[in-house]
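The next block holds one structure in the form of structure tokens; read it before the comments.
The values are calculated or read from the model by the stated rules, or taken from the named source; none is laboratory data. Just so it is clear, the model here is predicted, and its values are computed rather than measured. Heads up, the Cβs are rebuilt from the backbone with ideal geometry, glycines too, and the neighbour counts pull from every protein chain shown. For the accessible areas, the whole protein counts, side chains as well, though only heavy atoms, and no ligand, DNA or RNA atoms are used. Shrake-Rupley method; radii C 1.70, N 1.55, O 1.52, S 1.80 Å.
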Amino acid sequence: MNTPESREGNLIRYIVYTVGYLMVVGVVKLVTNNSPIRIWDLILFGLITVMVGLFYIYRFNREQRFFKRRHSLPFLGDIGLTIGLTLLVTALRIIVMYLQAYNKISWYGFQIIYLKHESIPMFWFLIVANGLVLPILQEYLATGFLFNYLFRQNTKLAAIAGIITSGIIFSILNFQLSWPLLAIDVMFGAIFAWSYLYTQALWMPMYLSILSGLLIVVMT
């Protein structure tokens, strides 16, 4: 139960991590549904975010002691890869935004809320919440913890299954009442998962997820 090799322990841990994520999402909903934004809601958001974030970091770093990595790409260790993935994610987000602007696909839920209650405080809150906090927590759940628990085998089958599963979980964490958006998020989640497997470092999918989240907010 105390190591990532325990299936029962992994399931319990993952449920706990998911509950923590849902707590943060709930507070984000609380803040965005109250316009103008209230200071006490922001304080609650800060407390819950710090608590869950530190818990994730502690658990993930602790679990890494049980695994031996063949390599781990350092920050900016492959400039070409970083630039290429940055351009890919940016281009895909621009295409999605173009389709949204012409009503080909739906808007994300938080985009609709922002457009209804457009204000400078709301914009900056979404930058922090949907552009930084949620993308980081999502990558812990959809890549870090997921691959630690289920897809440690060094095989192509495990890699493909992990990428697909990660994409699905990422889409679920960003749950939208729109099949096109769900499919789009699966695609982005799969790209982030591939970057994790390639680099064996969580900073890459986190960076890409943050970039994607910030682009959604900024281009709304």
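Structure values in brief
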item: Those residues of segment 71-94 which are surrounded by fewer than 11 Cβ atoms within 10 Å (Cβ to Cβ) and at pLDDT 95 or above, in sequence order; result: Leu87, Ala91
item: Number of positions in segment 152-167 that are touching a helix residue (DSSP H, G or I) at 6+ places or on another chain (Cβ under 6 Å) and either over 12 Å from Ile191 (Cα atoms) or among the β-branched types (Val, Ile, Thr) (or both); result: 2
item: Hits in segment 206-220 - residues which are open to solvent by 30 Å² or more (accessible area, probe 1.4 Å) and in contact with a Lys or Arg (Cβ under 9 Å, 6 or more places away or on another chain); result: Leu211, Leu215, Met219
item: From the options Leu181, Leu177, residue that is over 21 Å from Leu146 (Cα atoms), in a helix (DSSP H, G or I) and touching a residue at least 12 places away in the same chain (Cβ under 8 Å); result: Leu181
item: Flag if Tyr207 is assigned to a helix (DSSP H, G or I), closer than 22 Å to Arg65 by Cα and among the hydroxyl-bearing types (Ser, Thr, Tyr); result: no
item: Residue list for segment 178-205, filter: more than 17 Å from Met97 (Cα to Cα) and either among the β-branched types (Val, Ile, Thr) or open to solvent by 30 Å² or more (accessible area, probe 1.4 Å) (or both); result: Ile191, Trp194, Leu197, Tyr198, Thr199, Gln200, Trp203
item: Hits in segment 21-66 - residues which are closer than 22 Å to Ile113 by Cβ, open to solvent by 30 Å² or more (accessible area, probe 1.4 Å) and of a type in the set (D, E, K, R); result: Lys29, Arg38
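Each row is one residue, and each column tells you yes or no for (1) over 21 Å from Val96 (Cα atoms); (2) at pLDDT below 95; (3) open to solvent by 30 Å² or more (accessible area, probe 1.4 Å); (4) in a helix (DSSP H, G or I).
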{"residue": "Gln111", "(1), (2), (3), (4)": "no, yes, no, yes"}
{"residue": "Tyr114", "(1), (2), (3), (4)": "no, yes, no, yes"}
{"residue": "Met122", "(1), (2), (3), (4)": "yes, yes, no, yes"}
{"residue": "Ile136", "(1), (2), (3), (4)": "yes, no, yes, yes"}
{"residue": "Phe147", "(1), (2), (3), (4)": "yes, yes, no, yes"}
{"residue": "Asn154", "(1), (2), (3), (4)": "yes, yes, yes, no"}
{"residue": "Gly167", "(1), (2), (3), (4)": "no, no, no, yes"}
